[in-house]
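The values are calculated or read from the model by the stated rules, or taken from the named source; none is laboratory data. The model shown is predicted, which means the values in this text are computed figures rather than measured ones. Counting neighbours? That spans all protein chains shown, and the Cβs are built from the backbone with ideal geometry, glycine included.
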Amino acid sequence: MSTPGERLRKARIDAGYRSAAAGAEAAGVPTPTMYHHENGTRTISSRAAERYASAFKVTASWLMFGEKTRISLDEEWEEDVRRNVGEQVAYSRENYRPTIDGAIPEIDVELGAGQGRIGEFLTLPVGDETYSGHRVVDEWFLPESYFDRVLDARSGNTLVMPVVGDSMAPTYNPGDRVLVDLSQGILTTDTVYVISDGYSPPQIKRLQRVLFSQPPEVQVLSDNPSHAPQRVALNDLHIIGRVVGAISKR
């Protein structure tokens, strides 16, 4: 089965763009980004897939998932409705129904990566009217009282994400899982959130508001001191949810 990068390269060439630089210009993305996407060294986000699809006259779902998996990433999901898109089923978090009552889903943070054990899709809002699709790979059951008394969150708004990379070590290490409350998508306090820039896979970062900045800016911090902080405009970030807990092996 071809990879997203291989399909992207084929779409570019079939559209008449012989070089990645020419294709990147047509799609309105930086040339290095296109090289990374074609070579598979960086995941293609839903927003980038839509840009490529428009430029190369293909569908974003084909680029991301191949012909046998067709899912529209910028679909507006109706309340309380399970959406059948092509050969797959996609849900928003509030409409996902677990196989075990009360369980919360764990998703693969890599966009469309692999065949999950559960195999269905959840969508995450990663920008204005932009969604990314993630496979549900497992389900976790935690008592509702734990959400109420310890996490101060609701299980119906929460999902589990794996920690990828060491940027948040030693607080969160590779292989750990974090509990993310999707209802807390506004920066109300300086703490750890799951964020997206609309192009990259979701990332776990500590956010710190820059006082007196206009327009508002935030410091995007890693707990690992080897990763440099970044200062960005708050409007350039999309906060997916707040990290309210962790599951780790010590």
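So the values come out like this:
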read-out	value
Every residue from region 130-180 that is under 24 Å from D197 (Cα atoms), within 19 Å of the chain's Cα centre (by Cα), not in a strand (DSSP E or B) and not acidic (D, E)	N157, V163, V164, G165, S167, M168, Y172, N173, P174, G175
Condition met for G133 (surrounded by fewer than 14 Cβ atoms within 10 Å (Cβ to Cβ), at pLDDT below 85 and either assigned by TED's automatic domain parsing to the domain that holds L237 or hydroxyl-bearing (S, T, Y) (or both))	no
Qualifying positions in region 201-217 - surrounded by fewer than 17 Cβ atoms within 10 Å (Cβ to Cβ) and part of a loop (DSSP other than H, G, I, E, B)	V210, L211, F212, S213, Q214, P215, P216
Residue satisfying all of: in region 187-218; polar (S, T, N, Q) and within 20 Å of the chain's Cα centre (by Cα); nearest to P162 (Cα to Cα) among these	Q203
Residue count, region 235-250 (criterion: aliphatic (A, V, I, L, M) and more than 17 Å from the chain's Cα centre (by Cα))	3
Residue match in region 226-234 (condition: within 17 Å of the chain's Cα centre (by Cα) and either surrounded by fewer than 19 Cβ atoms within 10 Å (Cβ to Cβ) or part of a helix (DSSP H, G or I) (or both))	no
Helices (runs of 4 or more DSSP H) enclosed by region 1-113 - at least 3 residues per element that are surrounded by fewer than 18 Cβ atoms within 10 Å (Cβ to Cβ), modelled with pLDDT of 70 or more and of a type in the set (D, E, K, R)	4-14
Any hit, region 228-235, residues being more than 15 Å from D190 (Cβ to Cβ) and modelled with pLDDT under 90	yes
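Listed here are the residues, each with its yes/no results for (1) over 20 Å from R154 (Cα atoms); (2) without any contact (Cβ under 8 Å) to a residue 12 or more places away in the chain; (3) in the same structural domain as T158 (by TED's automatic domain parsing).
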position: Q184; (1), (2), (3): no, no, yes
position: V192; (1), (2), (3): no, no, yes
position: D197; (1), (2), (3): yes, no, yes
position: K205; (1), (2), (3): yes, no, yes
position: V218; (1), (2), (3): yes, no, yes
position: P225; (1), (2), (3): yes, yes, yes
position: I240; (1), (2), (3): no, no, yes
position: S248; (1), (2), (3): yes, no, yes
